[in-house]
Amino acid sequence: MPIVHIELIEGRSQAQLKDLVKDVTDAVSKNTGAPAEHIHVILSEMQKNRYSVGGVLKSDEKAK
């Protein structure tokens with residue numbers, strides 16, 4: 001039973017998350033031979049003020 005844990009910053013739509021877990025499940029099934037119903041995908045969404053890159057919180061980044 002493959003388990004995939006994905007950590008990402010909040011802000012994606014429900015449709016984007018559904019597509020993500022479907023694509024990940026398909027890729028894991030294709031490359032491991034595990035049936036899709038045995039593949040678990042865990043999404044952990046972080047708040048932007050709880051994640052930083054280069055010492056700068058994502059919540060403090062200027063909009064691009």
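The values are calculated or read from the model by the stated rules, or taken from the named source; none is laboratory data. It should be emphasised that the depicted structure is a prediction, and the values quoted were computed from it without experimental measurement. Note: ideal-geometry Cβ built from the backbone for every residue, glycine included; neighbour counts use all protein chains shown. For the accessible areas, the whole protein counts, side chains as well, though only heavy atoms, and no ligand, DNA or RNA atoms are used. Shrake-Rupley method; radii C 1.70, N 1.55, O 1.52, S 1.80 Å.
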task = For Lys30, list the lysines whose Cα falls under 20 Å from its own Cα; do not include residues on the same chain fewer than 8 positions away.
result = Lys18, Lys22
query = Roughly speaking, to the nearest percent, how much of the chain's 1.4 Å accessible area is carbon and sulfur?
reply = 50 percent
note = In Å³ per residue, the alpha-carbon convex hull of the chain encloses 112 Å³
query = So what is the calculated 222 nm ellipticity per residue for the chain, using -39500 (n - 2.57) for each DSSP H run with n of 4 or more, over all residues, to the nearest 500 deg cm²/dmol?
reply = -10000 deg cm²/dmol
query = For the chain, with only Lys/Arg (+1) and Asp/Glu (-1) charged at the beta-carbon, what is the dipole magnitude about the Cα centre, in debye rounded to 20?
reply = 220 debye
request  = Work through the residues other than Ser52 whose Cβ is under 10 Å from its Cβ and net out their charges, Lys, Arg +1 and Asp, Glu -1.
outcome  = +1
note = Taking every other residue with Cβ under 13 Å from the Cβ of Ile39 and scoring Lys and Arg +1, Asp and Glu -1, one gets -1
request  = With a probe of 1.4 Å, find how much accessible area the chain has per residue, and write the answer as a whole number in Å².
outcome  = 78 Å²
note = Mean Cβ-within-10 Å packing, highest first, puts peptides 43-49, 53-59 in the order 43-49, 53-59
key: Tilt relative to the chain, helix 14-32 - C-alpha long axis, 0 to 90 degrees, to 10   = 50 degrees
query = For the stretch 24-64, what is the relative contact order in percent, using Cα pairs closer than 8 Å and at least 6 residues apart in sequence?
reply = 24 percent
remark   = Pseudo-spin-label distance Glu37 to His5, built 7 Å along Cα→Cβ, given in nm, is 2.7 nm
